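Everything below concerns the one structure shown next.
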Amino acid sequence: MKKNKIYHLLIILLLISSITMFVYKFYYKKSDAINNKISVINKKNQKKWKNKELLFSEGLVPLNTNKTLNSFLAISDLLFVNYLDADCSVCIQDLKLWDEYLKNEEKNALFIIAGSEKIKVDYMINNVLHYKYPVFYDEYDSFVQINDLSEYKAFHSFQLKNKKVLKVGSPILLKKFNDATIEN
């Protein structure tokens, strides 16, 4: 009787360890596939944007700054330009992450936000978040259309120098690919 219990216990442990190894292997295989896909998309986006200029419509409305968009684009230092969808609650949370990242890095940035109603976005930026980086409202979502942005929000961020794109991709969302450079 005692042998049967030990035998059953060993079988149960063997089954549990086999299932655990299968799940572990499946998880990492899926994770590798996702990382490979992101890497391919990243390389394509880097090539697509190499030394190009972003296009901006005249209809971008400043929400929390008195400066014009052109005054920010005239900055010769590194400038982050980030597009966000106000109807995406996760995207709005990304503003807080950007605030922390930019504060630590002491970099220049501006944000273009589309979606929702302007009054709601204005209230969120100025009264809820008290956002200190310049935000421009894009009522017609023209920034996405004229620049033919990727469907992946991780590639809605651009690093510019002298108005030319150095890198594309969010250093917050693409931490692993943060150091990707544009290939020649």
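The values are calculated or read from the model by the stated rules, or taken from the named source; none is laboratory data. Bear in mind the structure is a predicted one, so any value in this text is a computation, not a measurement. A quick note on method: Cβ atoms are made from the backbone with ideal geometry, for glycine too, and the neighbour counts reach across all protein chains shown.
Counting residues in region 157-171 that are of a type in the set (S, T, N, Q), under 21 Å from Lys43 (Cα atoms) and surrounded by fewer than 13 Cβ atoms within 10 Å (Cβ to Cβ) gives zero.
Taking the listed residues Leu110, Leu55, Leu102, the one that is in a strand (DSSP E or B), in contact (Cβ under 8 Å) with a residue 24 or more places away in the chain and among the aliphatic types (A, V, I, L, M) is Leu110, with no other qualifying.
Residues that are out of contact with any strand residue (DSSP E or B) (no Cβ under 9 Å at 6 or more places or on another chain), loosely packed, with under 11 Cβ neighbours inside 10 Å, β-branched (Val, Ile, Thr) and at pLDDT below 90 do not occur anywhere in region 108-120. Among the residues of region 23-37, none qualifies, meaning not one is at pLDDT 80 or above, in a helix (DSSP H, G or I), closer than 30 Å to Phe158 by Cβ and of a type in the set (Lys, Arg). Please determine whether any residue of region 76-93 is in contact with a Cys (Cβ under 9 Å, 6 or more places away or on another chain), part of a helix (DSSP H, G or I) and touching a residue at least 24 places away in the same chain (Cβ under 8 Å). Among the residues of region 76-93, not one is in contact with a Cys (Cβ under 9 Å, 6 or more places away or on another chain), part of a helix (DSSP H, G or I) and touching a residue at least 24 places away in the same chain (Cβ under 8 Å), which makes the answer no.
Candidates Tyr140, Tyr133: the one that is in a loop (DSSP other than H, G, I, E, B) and exposed (fewer than 14 other Cβ atoms within 10 Å of the Cβ) is Tyr140.
Among the residues of region 68-105, not one is among the basic types (Lys, Arg) and either surrounded by 13 or more Cβ atoms within 10 Å (Cβ to Cβ) or at pLDDT 90 or above (or both).
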